[in-house]
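Some notes on the structure that comes next.
The values are calculated or read from the model by the stated rules, or taken from the named source; none is laboratory data. These figures come from a predicted structure and were not determined experimentally. Ideal geometry is used to build each Cβ from the backbone, glycine not excepted, and the neighbour counts take in all protein chains shown. Please note that ligands, DNA and RNA were not included when accessible areas were found on the heavy atoms of the full protein model with its side chains. Shrake-Rupley method; radii C 1.70, N 1.55, O 1.52, S 1.80 Å.
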Amino acid sequence: MKIKKKAGHRHMTSFQIIILGFMGVILAGSLLLMLPWASRSGRWSSFSDTLFTATSAVCVTGLVVQDTATYWSEFGQVIILLLIQIGGLGVVTVAVSIATIAGRKIGLMQRSTMQEAIAAPKMGGIVRMTTFILKTSFLIELIGAVILFPVFYREFGLGKGIWYAVFHAISAFCNAGFDPLYAASLTSFAANPVVNLVIMTLIVVGGIGFFTWLDIKENKWHIKKYRLQSKVVLGVSAFLILVPAIMFFFLEFQHMPLGERIWSSFFQSVTTRTAGFNTADLDKMTDSGKMGMVLLMVIGGSPGSTAGGMKTTTAAVLFAMAISVFRKNEQAHLYNRRIAEETQRNAATIFVLYMMLFTGSAMFISYLEKVPLVTAFFETGSAIGTVGLSLGITPDLG
């Protein structure tokens, strides 16, 4: 008598689950945005436009082919904001949170997927970490919206004041760059200290990463007790805010009054690393300033954060590797800690892949669309870094 063997069930990997989750949310968002109620014209939107918009929202990029303020209705903007929130926190984070609230048991596979999704160093305590991410994110967004509300209320009234405050708080924290205001975006608030400080703070807090928050929460001001990654993230982030701000101050915005010039310099330094808002006219910037922004966009935010890009830790490891070569040291170090060879190989691989995709795409778009190479670099840097800043060519691309 022959015994039939049971066919083995093929389990999806964590990577496949994450990809399919993102694709599912993007597709659902695309279909919802196609509905007549999603556009101000009351007509069905093309699938190509809604797919681009949904992808940009879930990937918290901010590049658009249709102006968020003038094309999409209130219903459409709500859908976009929900996609931004899901994308910023992570599809898997949201799914695990919903399962936890529903009282479902989180299995080993779900925990492993969650670990991959938020770049957690270990699987232990991952569900507790998810709860921390969710509560902290919503609290920070709420505080940001409450502080922004009086400014928008004075400009737009009660209803729009609340909506703009909430939208900007979530979009800034998630480093999305979508803006429900008109084409001028935040340029009319370039000299407003409240808007500048709140938006910049939300961008930075969202971009430094959930595990850095946890380190700060647990160790407070005892920086020596921080994990190496947290030290690197905070150090590199501070450097990438201060140095570009000084560069922008002396090279750009000379036509502005001193106060507005300072605010604009810091704001562009912060927003360039994956946030996508702007308080200055980017077309008036020099090519040097634009290329400086491109470099910041490609570097991006930090691991396990709402930001995109190559990541600050990757840039730090590459810099440490270069220093070790110049000093003829066998090992690269950061904060007196040796960097593992696997980490160095990963950083080098990420850098090469980013440069190939970034430069290749820019050259292709420049040739095909007959646009200046700097403009193409700006657009592809914004896309690959999930920034959302644009020189205005995205809606006109073929």
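Kirkwood radius, region 135-227, all distinct C-alpha pairs, inverse of mean reciprocal distance: 14.1 Å. For Ile393 and Trp221, a Förster radius of 45 Å and the Cβ-Cβ distance give a FRET efficiency of 0.45, rounded to the nearest 0.05. Shape summary of region 174-282, radius of gyration then Dmax from alpha carbon positions: 15.2, 46 Å. Volume of the convex hull of region 262-305 (Cα atoms only), normalised per residue: 71 Å³.
Mind checking the per residue accessible area of the chain for me, 1.4 Å probe, whole number of Å²?
Values: 20420 Å² over 398 residues.
Averaged over the residues of the chain, the accessible area is 51 Å².
By how many nm would the segment from Thr136 to Glu341 grow when fully extended, if each residue of separation counts as 0.36 nm and the alpha-carbon distance is taken off? Write down the numbers at each step before the final one.
Working: separation 205, 0.36 × 205 = 73.80 nm, distance 3.43 nm.
Once the chain is fully extended between Thr136 and Glu341, it gains 70.4 nm.
A simple count of charges around Leu391, restricted to other residues whose Cβ falls under 12 Å of its Cβ and scoring Lys, Arg +1 and Asp, Glu -1, yields -3. With the cut-off at 1.5 for a/c, could you classify region 271-335 from its C-alpha gyration tensor as rounded, prolate or oblate? Oblate shape, in that a/c is at least 1.5 and b/c is the bigger or equal ratio.
For the chain, what is the relative contact order in percent, using Cα pairs closer than 8 Å and at least 6 residues apart in sequence?
Details: 637 pairs, mean separation 65.0, N = 398.
Over the chain, the number comes to 16 percent.
The mean sequence separation of alpha-carbon pairs under 8 Å and at least six residues apart, normalised by the residue count of region 257-332, gives a relative contact order of 21 percent.
Each part gets one Cα centre, and for region 283-359 versus region 200-230 those centres are 20 Å apart. Database remark: amide H of Trp72 closer than 5 angstrom to the amide H of Arg40 (H placed geometrically; neighbours at sequence offset of 5 or more, or on other chains; Pro and chain starts carry no H).
Charging the Cβ of each Asp and Glu at -1 and of each Lys and Arg at +1, and nothing else, the dipole of region 167-244 about its Cα centre rounds to 440 debye. So the label point goes 7 Å from the Cα of Leu368 along Cα→C-beta, right? Which residues of region 23-40 then have their backbone N under 15 Å from it? The answer is none. Of the accessible area of region 282-345, computed with a 1.4 Å probe over protein heavy atoms only, carbon and sulfur atoms account for 52 percent. The simple Förster model, with R0 at 22 Å and r as the Cβ-Cβ distance, assigns Arg327 and Ala348 a FRET efficiency of 0.75.
Can you give the charge dipole size of the chain about its Cα centre, rounded to the nearest 20 debye, using +1 on the beta carbon of Lys and Arg and -1 on the beta carbon of Asp and Glu? Mind showing how you got there, number by number?
Numbers: 32 positive and 20 negative charges, 446 e Å.
Result for the chain is approximately 2140 debye, rounded to the nearest 20.
Comparing Ser305, Phe253, Thr394 along the charge dipole axis of region 246-398, the residue lying farthest to the positive side is Ser305, per the Cβ-charge model.
By the rule of a C-alpha distance below 20 Å, with chain neighbours fewer than 8 residues away ignored, the aspartates and glutamates paired with Lys225 are Asp215. What pairs from Lys135/Lys231; Lys290/Lys370; Lys231/Lys311; Lys290/Lys311; Lys135/Lys220; Lys135/Lys217 go past 22 Å between their alpha carbons? Violating the 22 Å limit, Cα to Cα: Lys135/Lys231. Screening the chain for DSSP H helices whose Cα atoms reach 27 Å or more along their own axis and whose mean Kyte hydropathy is at least 1.6 gives 14-34, 228-251. Taking the protein heavy atoms of region 151-218 in the context of the full set of protein chains, the accessible area attributed to carbon and sulfur is 67 percent at 1.4 Å.
Could you compute how fast the chain diffuses translationally, taking Rh as the Kirkwood radius over C-alpha pairs and applying Stokes-Einstein at 10 °C with viscosity 1.306 mPa s? Give it in µm² per second. Mind showing how you got there, number by number?
Details: Rh = 22.1 Å.
Answer, rounded: 72 µm²/s.
Over region 208-263, the reciprocal of the mean inverse Cα-Cα separation, the Kirkwood hydrodynamic radius, stands at 13.2 Å.
Cα gyration tensor of region 35-93, axes a ≥ b ≥ c as square roots of the eigenvalues: rounded (a/c below 1.5), prolate (a/b > b/c) or oblate?
On the way: a/c = 2.10, a/b = 1.79, b/c = 1.17.
Judged from the Cα gyration tensor, region 35-93 comes out prolate (a/c at least 1.5, a/b above b/c).
In a simple Cβ point-charge model (Lys, Arg +1; Asp, Glu -1; nothing else charged), region 251-336 has a dipole of about 300 debye relative to its Cα centre.
Could you work out Rg/(2.2 N^0.38 Å) for region 254-374, with Rg from alpha carbons only?
Ratio of Rg to 2.2 N^0.38 Å for region 254-374: 1.28.
Along the axis of the charge dipole computed for region 279-362 (Cβ charges of +1 for Lys and Arg, -1 for Asp and Glu, origin at the Cα centre), the listed residues Leu334, Tyr354, Met291 are led at the positive end by Leu334.
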